[in-house]
1. Kindly establish whether Val252 is of a type in the set (Val, Ile, Thr) and outside any loop (DSSP other than H, G, I, E, B).
2. Sort out which residues of the stretch 313-328 are buried (at least 16 other Cβ atoms within 10 Å of the Cβ), of a type outside the set (A, V, I, L, M) and in a helix (DSSP H, G or I), and write them in order of number.
3. Which residues, counting only those in the stretch 268-309, are of a type in the set (A, V, I, L, M, F, W, C) and surrounded by fewer than 11 Cβ atoms within 10 Å (Cβ to Cβ)?
4. Counting only residues that are in contact with a helix residue (DSSP H, G or I) (Cβ under 6 Å, 6 or more places away or on another chain) and either of a type in the set (A, V, I, L, M) or not in a strand (DSSP E or B) (or both), how many does the stretch 27-50 have?
5. Please find, among Val24, Val55, the residue that is at pLDDT below 95, under 29 Å from Gly250 (Cα atoms), of a type outside the set (Gly, Ala, Ser) and outside any loop (DSSP other than H, G, I, E, B).
Amino acid sequence: MVAESSGVVVGVDTHKHTHTAAAVSSTGAVIDHLTVSADRRGYRRLIDFAERHGVAEWAIEGTGSFGAGLTTALLENGHKVVEVDRPERPARRAGAKSDEIDAVRAARQALAGIGVSEPRCRGDREAIRVLLTTRAQAIEFRTRAIAALHAMVTSAPESIRDRLRTMSLGELLHACAAMRGSSRQSSEEFATTTSLRATARRALACEAEAAELAEQIALLVRRVAPQLLEQTGVGPVVAAQLIISWSHPGRVRSEAAFAKLAGVAPIEASSGTVTRHRLSRLGDRQLNRALHTIVLVRMRQDPRTQQYAARRLSEGKSVREVKRCLKRYVARQLFRELEATATPLDRT
């Protein structure tokens, strides 16, 4: 529970341009409010506001987005910060809604110990997150460009389509990227050639960008958690997602909590004479995707995983249920690996 020593917590409702804080006593009584600009001067005012009330403990909504700057400033000044989930709000028909009310709710939620967690660290972890997000965007743009290229080839004039439609993807991209228009072409042929060239070059540029970002991600992963890369099915991109979601030692209280975060904690879904479990659809879906990738690789390449899958299938489990079990085991193994061997990351 937050603020056991001081008895007071400051809840902050964060926005792009302003932050609204509310100092709340351990009984839930509101002591004071303050709204400041979301910049260094505003952070300094909030710190002075907290020190005036004898507070060194904060409950902030959105520590990784609008509240990232404030969170960093507070941690640098030795304050204790917890992140709260989006504060529960009354139904709209119930009436009141303001930044001050949201700040008070954040503080009271933290005092109650509901939906509270440590902020994710910055430093290398934030560097990996930014690179991984940018790489995902490059991959998405490349996929869209390739889909558009195939669509244009399908509907292109016969003089263009005839020599492109049988090419492999790599051949198609390079052939289209090297195309040149000609004055002998009709307006449709010239426009199609120009569009194919631009689209292919965009796809190739995104491909090169993704590869460059992947190299930078690999360097950071090897510095933070090189042991992860020794695990079957764990490459630099998958390892990067594991590090991002896990963040730092002690943030996730147990391997069961990590499994729940990943959406691989089994949920009972029994009915009548059928007793079974299913996977949660909640949690960090990108972390879930990383675990799914690991399981697919191990089911193809790892003899122990193949033996386990064969045994469970012989017991009447479906392939989906076997994957569910494997994802839970992988979550346990990798959480323990991260907690035991990962380099401690900078919280600020």
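The values are calculated or read from the model by the stated rules, or taken from the named source; none is laboratory data. Being a predicted model, the structure only gives us computed values, none of them experimental. We place every Cβ from the backbone using ideal geometry, glycine too, and count neighbours over all the protein chains shown.
1. Details: of a type in the set (Val, Ile, Thr): yes; outside any loop (DSSP other than H, G, I, E, B): no.
So Val252 does not fit the description; no.
2. So in the stretch 313-328, the residues buried (at least 16 other Cβ atoms within 10 Å of the Cβ) come out as 317, 321-328.
Then drop every residue that is not of a type outside the set (A, V, I, L, M), which leaves 317, 321, 323-325, 327-328.
Within the stretch 313-328, Glu321, Lys323, Arg324, Cys325, Lys327, Arg328 qualify.
3. In the first step, residues of the stretch 268-309 are kept if they are of a type in the set (A, V, I, L, M, F, W, C); the result is 269, 274, 279, 282, 287, 290-291, 294-297, 299, 309.
Val274 - this is the single residue of the stretch 268-309 that is of a type in the set (A, V, I, L, M, F, W, C) and surrounded by fewer than 11 Cβ atoms within 10 Å (Cβ to Cβ).
4. First, pick out the residues of the stretch 27-50 that are in contact with a helix residue (DSSP H, G or I) (Cβ under 6 Å, 6 or more places away or on another chain): 28, 30, 33-34, 36, 43.
Pick out the ones that are also either of a type in the set (A, V, I, L, M) or not in a strand (DSSP E or B) (or both) and you get 28, 30, 34, 36, 43.
So the answer is 5.
5. On the way: Val55 fails: outside any loop (DSSP other than H, G, I, E, B).
Criteria check complete, one pass: Val24.
Condition check ((1) assigned to a helix (DSSP H, G or I); (2) crowded, with 20+ Cβ neighbours inside 10 Å; (3) of a type outside the set (S, T, N, Q)) across all residues:
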residue: Lys97; (1), (2), (3): no, no, yes
residue: Ile101; (1), (2), (3): yes, no, yes
residue: Arg105; (1), (2), (3): yes, yes, yes
residue: Arg125; (1), (2), (3): yes, yes, yes
residue: Gln137; (1), (2), (3): yes, no, no
residue: Phe141; (1), (2), (3): yes, no, yes
residue: Gly170; (1), (2), (3): yes, no, yes
residue: Met179; (1), (2), (3): no, no, yes
